[in-house]
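Take a look at the structure below.
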Amino acid sequence: MAKESALYIKEAIESLGGVATLNQIYEKCPRYQKSSIRRTIQEHSSDTTTTPKYEDIFFTVNGLGSGVWGVRNYLLPIQPEVIKVETFLSPSKEATPAQRILTNFYRVSRDTALVNEIKKIVDYQCQLCELKLPLSESKWYIEGHHIKPLGKPYNGPDIKENILIVCPNCHVKCDYKLIELSMDMIKNNKQNIQQEYLEFHNEEYRIKVETK
Ligand SMILES: [Zn+2]
């Protein structure tokens, strides 16, 4: 039973491009209850706090609690925009599997209309280090970071005041809580990022430092 439902969920995620939010997975798997989908994923992932009970099939995309899961070792068919990113990362065009996985991650983290709107407002420039990464003469590569993550257990809001626009480097620093954030650090704060979200980030940062 566990194996059968895990394979069903795996296929559902693959049909969504290899990575999907829990809500997308629920929609694709109406035959299972939400709680049993979550349990099945967790029992098949070494990213959960417990050792996986079964085969290690799933990984978290933005960390536990973000509600985004991917299928391990699943590579997306390369799409035109992804190729551009890969070309940038790897001039030889022979991207390694690790780089492909990274570009899949970029593709997924790029998508909401709200994030795109804020990217435009801040002129596609990293709000932490001010890097502007050209893909072509009129296109730039940049990512959106929900400072307080969406989904359980954080339930951060999907509003512009909670979305920081960052380059891939700064995105990693934010995701992994490698830096503290302050209002002074945020350039061009046209979306009016709120202090409460920075405080959430810094609290996570302190917990991480203390448990090192
Ligand atoms: Zn940056």
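The values are calculated or read from the model by the stated rules, or taken from the named source; none is laboratory data. All figures in this text were calculated on a predicted structure; none of them were measured in a lab. Here the Cβ is made from the backbone with ideal geometry for all residues, glycine too, and neighbour counts use every protein chain on show. Only protein heavy atoms, including side chains, enter the accessible area calculation; ligands, DNA and RNA are left aside. Shrake-Rupley method; radii C 1.70, N 1.55, O 1.52, S 1.80 Å.
Key figures for this structure:
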| quantity | calculated |
| --- | --- |
| Subset of the range 156-178 (residues that are in contact (Cβ under 8 Å) with a residue 40 or more places away in the chain and open to solvent by 40 Å² or more (accessible area, probe 1.4 Å)) | 158, 159, 160, 169, 173, 175 |
| Condition broken by residue 131, with the remaining ones in (1) buried (at least 20 other Cβ atoms within 10 Å of the Cβ); (2) within 10 Å of the ligand (Cβ to nearest atom) satisfied | (1) |
| Filter pass, residue 126 being near the ligand (Cβ under 9 Å from one of its atoms), assigned by TED's automatic domain parsing to the domain that holds residue 203 and not in a helix (DSSP H, G or I) | yes |
| Filter result for residue 115 (closer than 20 Å to residue 65 by Cβ, free of Cβ contacts under 8 Å to residues at least 24 places away in the same chain and either among the hydrophobic types (A, V, I, L, M, F, W, C) or in a loop (DSSP other than H, G, I, E, B) (or both)) | no |
| Some residue of the range 180-200 being within 14 Å of the ligand (Cβ to nearest atom) and assigned to a helix (DSSP H, G or I) | yes |
| Residues that are open to solvent by 90 Å² or more (accessible area, probe 1.4 Å) and either at pLDDT below 90 or touching a Gly at 6+ places or on another chain (Cβ under 7 Å) (or both), drawn from the range 36-49 | 49 |
| Residues located in the range 18-35, provided they are out of contact with any strand residue (DSSP E or B) (no Cβ under 8 Å at 6 or more places or on another chain) and either under 16 Å from residue 152 (Cβ atoms) or open to solvent by 80 Å² or more (accessible area, probe 1.4 Å) (or both) | 23, 24, 26, 27, 30, 31, 33, 34, 35 |
| Candidates 104, 62, 116 - the one that is more than 16 Å from the ligand (Cβ to nearest atom) and modelled with pLDDT of 80 or more | 116 |
